[in-house]
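Worksheet: the structure to be examined is printed underneath.
The values are calculated or read from the model by the stated rules, or taken from the named source; none is laboratory data. Since this is a predicted model, take the numbers as computed values, not measurements. Backbone-built Cβ (ideal geometry, glycine too); neighbour counts: all protein chains shown.
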Amino acid sequence: MTSAVSTCPARLALRVHRRRKQTGKRENRETVYAVTSADAHQATAGELARWVRGHWIVENSSHHIRDVTFGEDASTVHAGSAPRVMATVRNLAIGALKTLKVDNIAKTTRAIRDDPARALPIYGITSDRTLQKLERALPRLPTATASDSASQSV
């Protein structure tokens, strides 16, 4: 264990206290820790704060969306290259929605879930002729009936 510690490039540890109050909710307090290879004399407290915020900009841009909106952490796909493929598909969806400057990715994703045909124009599939070809090529999935739903919930 000593060798692992001695090869670690960390030189400075930070403790960050955060307070956040969302409208209509109680204040949330959190303490997080970070490490950096920068020496204490290489960065001011303000620069360190910007680095920490910069990390969260990256985190929130795709990882948070994949975790919360697409439920990536709860995924049961673990075998072979399937997890990487699913991450790629999620990133493709997120990238497409960001390119369209969608305000709320979660809301848009739910709308597409409820009506999958809404996704087709995002990927340039717009003509009725193309849609008809897709409908012919794709197998029909059985629709769930009320009795099916009741038996699955038991």
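Please enumerate the residues belonging to segment 94-106 that are free of Cβ contacts under 8 Å to residues at least 24 places away in the same chain, out of contact with any helix residue (DSSP H, G or I) (no Cβ under 6 Å at 6 or more places or on another chain) and within 16 Å of ARG66 (Cβ to Cβ). Before you say what the answer is, go through the steps one by one.
First, the residues of segment 94-106 that are free of Cβ contacts under 8 Å to residues at least 24 places away in the same chain: 95, 98-104.
Subsequent filtering for residues that are out of contact with any helix residue (DSSP H, G or I) (no Cβ under 6 Å at 6 or more places or on another chain) retains 95, 98-101, 103-104.
Across segment 94-106, the qualifying residues are GLY95, LYS98, ASN104.
Kindly evaluate VAL58 against the criterion of being part of a helix (DSSP H, G or I) and either at pLDDT below 80 or touching a helix residue (DSSP H, G or I) at 6+ places or on another chain (Cβ under 7 Å) (or both). Taking the combined requirement at face value, the residue satisfies it. Could you list, in sequence order, all residues of segment 72-106 that are farther than 21 Å from GLY124 by Cα and either surrounded by fewer than 11 Cβ atoms within 10 Å (Cβ to Cβ) or aromatic (Phe, Trp, Tyr) (or both)? Matches in segment 72-106: ASP73, ALA74, THR76, HIS78, ALA79, GLY80, SER81, ARG84.
Filtered by the rule that a residue be free of Cβ contacts under 8 Å to residues at least 40 places away in the same chain, β-branched (Val, Ile, Thr) and part of a helix (DSSP H, G or I), segment 61-78 gives a lone residue, VAL68. The requirement of being surrounded by 10 or more Cβ atoms within 10 Å (Cβ to Cβ), touching a helix residue (DSSP H, G or I) at 6+ places or on another chain (Cβ under 7 Å) and in a strand (DSSP E or B) is fulfilled nowhere in segment 22-33; no residue meets it. When restricted to residues that are more than 19 Å from SER62 (Cα to Cα) and not in a helix (DSSP H, G or I), segment 91-124 contains 2. For segment 32-77, taking the residues that are among the acidic types (Asp, Glu) and under 19 Å from the mean Cα position of the chain (by Cα), the one that is farthest from HIS17 (Cα to Cα) is identified as GLU72.
Of everything in segment 1-32 that is modelled with pLDDT under 85 and among the polar types (S, T, N, Q), the residue that is nearest to GLY54 (Cα to Cα) is GLN22. So is ALA49 outside any helix (DSSP H, G or I) and either outside the structural domain of ILE122 (by TED's automatic domain parsing) or touching a residue at least 40 places away in the same chain (Cβ under 8 Å) (or both) or not? When the stated conditions are applied, ALA49 does not pass them.
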